[in-house]
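Notes for the one structure printed next.
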Ligand code: SF4
């Protein structure tokens, strides 16, 4: 189909297309809105060099790359008072993320 000069190209959106793309958008927005936990728990500015070194030695990361293992599932984890706050750890200095991980991971009994 040829467009007349100065006319907008015709955009055809089927009802099915709108439903599929609309559902995808709602899913993405819902996942973003439902994201739980703090954005980061890696602020080491209040720690001594030795404490920072301990974090590095244990390989702490805010995100676990070990399936089924993260701070929230670790016996050393100290849960935060609020869902969007960082937690603590009995062996790692500083704050930790519920989705974090380090080599001292110990599964809860
Ligand atoms: S020991 Fe490691 S995995 Fe366990 S809560 Fe502390 S930082 Fe997280």
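The values are calculated or read from the model by the stated rules, or taken from the named source; none is laboratory data. These numbers come from a predicted model, not from an experiment. Because the Cβ atoms are built from the backbone with ideal geometry, glycine has one as well, and the counts that use them run over all protein chains shown.
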Cross-chain or 6+ apart pairs with Cβ under 9 Å, the range 87-109 first and closer than 19 Å to residue 45 by Cβ and in a loop (DSSP other than H, G, I, E, B), then modelled with pLDDT under 95 and near the ligand (Cβ under 7 Å from one of its atoms): none
Residue that is nearest to the chain's Cα centre (by Cα), among those in the range 74-87 that are within 8 Å of the ligand (Cβ to nearest atom) and either crowded, with 16+ Cβ neighbours inside 10 Å or modelled with pLDDT under 95 (or both): 87
